[in-house]
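Notes follow the structure.
The values are calculated or read from the model by the stated rules, or taken from the named source; none is laboratory data. Worth saying up front: this structure is predicted, and the values here are computed from it rather than measured. Cβ placement follows ideal geometry from the backbone for every residue including glycine, while neighbour counts extend to all protein chains displayed.
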Amino acid sequence: MTGTAKTHAKGFKPEAKKHLGQHFLHDANVIAMIVHAVDPKPGDRLVEIGPGQGAITFPLLDRHGELTVIEFDRDLIFPLTETARAHGTLEVIHRDVLTVDFSALAHNGGPIRLVGNLPYNLSSPILFHALEHAAAIRDMHFMLQKEVVDRMAAAPGSKVYGRLSVMLQAYCQVIALFDVPPAAFRPPPKVDSAVVRMIPLAPDRIGIDDHALFARLVRDAFGQRRKTLRNALSLVCDGASIEAAGVRPDARAEQLEVAQFVRLANWLRAHDK
Ligand code: SAM
């Protein structure tokens, strides 16, 4: 064991590392609200991304008795493991979360429930990584930048409805739960935060025939969001195809429901466009 690790065991709290997006929660009320939102039930397989110094980890362990955490910062592994002994059974995976196969974690004990106050610099990659493993995930409760949560949960017609809204809502039910001010963290981030719940849809409710084509269509449609679909999608299809799929070619992406994007992508796939 290194000297640093021994010091940690005596309660030394390492400095927050900016490059790892470390903003540690210290507001007991917010922590309690997160645990209440997750509401673990016996037999649930809980997995926390980025436990940090354990702000959510230990209350969850006290409530649930066992938990798996994925943490990239090696300086936090030893203090987490040591402190956890008094709270329950903690499995620590010392890895970059983007390299973790959530499906493999789900093998023992059914779909996992993901929890995390995420590093904001990695929010989108982590969300898309989770989507790739959606079948292995029962639900997710994440703290993110409020601006990102607003985009994730936005409805058509809203100024912030965009690619992230459509891509996430096509695969999950997205529910913004509550906002959290910067003062709830040490050090405080420069932006407001919010907690969001995502529940992956059952495969038969998703209904997308070609996931790559769907993703490309959504990307192109919002790539030039002021343009009509006919112009924005000119590299993917023509106006006649859009119309034949039952979508108005003179509409703009921000006006389309998620189901209309799905219908258009499926029509193009079925007609080999
Ligand atoms: N959960 C703690 C809390 O609420 O106080 C810490 C949250 S902090 C915003 C984000 C955590 O994610 C940090 O502990 C950081 O080290 C960890 N982290 C950053 N990048 C990571 C990665 N690629 N994989 C796993 N954990 C990562």
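For the range 61-75, filtering for residues that are in contact with a strand residue (DSSP E or B) (Cβ under 7 Å, 6 or more places away or on another chain) and more than 10 Å from the ligand (Cβ to nearest atom) leaves 6.
Take the conditions outside any helix (DSSP H, G or I) and touching a residue at least 24 places away in the same chain (Cβ under 8 Å) and apply them to M140. Does it pass?
So M140 fits the description; yes.
Does E132 qualify as being of a type in the set (D, E) and within 14 Å of the ligand (Cβ to nearest atom)? Spelling it out, it is not the case that E132 is of a type in the set (D, E) and within 14 Å of the ligand (Cβ to nearest atom). The numbered conditions (1) in a helix (DSSP H, G or I); (2) under 25 Å from N29 (Cα atoms); (3) touching a helix residue (DSSP H, G or I) at 6+ places or on another chain (Cβ under 9 Å) are all true for A183 except (3).
In the range 32-54, the residue that is surrounded by the most Cβ atoms within 10 Å (Cβ to Cβ) out of those that are farther than 16 Å from L144 by Cβ and in contact with a Leu (Cβ under 9 Å, 6 or more places away or on another chain) is P51. Has the range 85-96 got any residue that is β-branched (V, I, T) and in contact with a His (Cβ under 8 Å, 6 or more places away or on another chain)? Taking every residue of the range 85-96 in turn, none turns out to be β-branched (V, I, T) and in contact with a His (Cβ under 8 Å, 6 or more places away or on another chain). Considering the range 192-211, the residues that are loosely packed, with under 13 Cβ neighbours inside 10 Å and within 20 Å of the chain's Cα centre (by Cα) include one that is modelled with the lowest pLDDT, namely P203. Quick check on the range 237-266: of everything there that is over 29 Å from the mean Cα position of the chain (by Cα) and hydrophobic (A, V, I, L, M, F, W, C), which residue is surrounded by the fewest Cβ atoms within 10 Å (Cβ to Cβ)? Selected residue: A240.
For every residue, the table says whether it meets (1) more than 12 Å from the ligand (Cβ to nearest atom); (2) hydroxyl-bearing (S, T, Y); (3) modelled with pLDDT under 95; (4) under 19 Å from V38 (Cα atoms).
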residue: I93; (1), (2), (3), (4): no, no, no, no
residue: V97; (1), (2), (3), (4): no, no, no, no
residue: L105; (1), (2), (3), (4): yes, no, yes, yes
residue: N121; (1), (2), (3), (4): no, no, yes, no
residue: E147; (1), (2), (3), (4): yes, no, no, no
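Name the single residue, out of those in the range 56-82 being within 20 Å of A32 (Cβ to Cβ) and hydrophobic (A, V, I, L, M, F, W, C), that is surrounded by the fewest Cβ atoms within 10 Å (Cβ to Cβ). Residue satisfying both the conditions and the ranking: F58.
Looking at the range 76-91, which of its residues are more than 9 Å from the ligand (Cβ to nearest atom) and closer than 21 Å to H19 by Cα?
I77, F78, P79, L80
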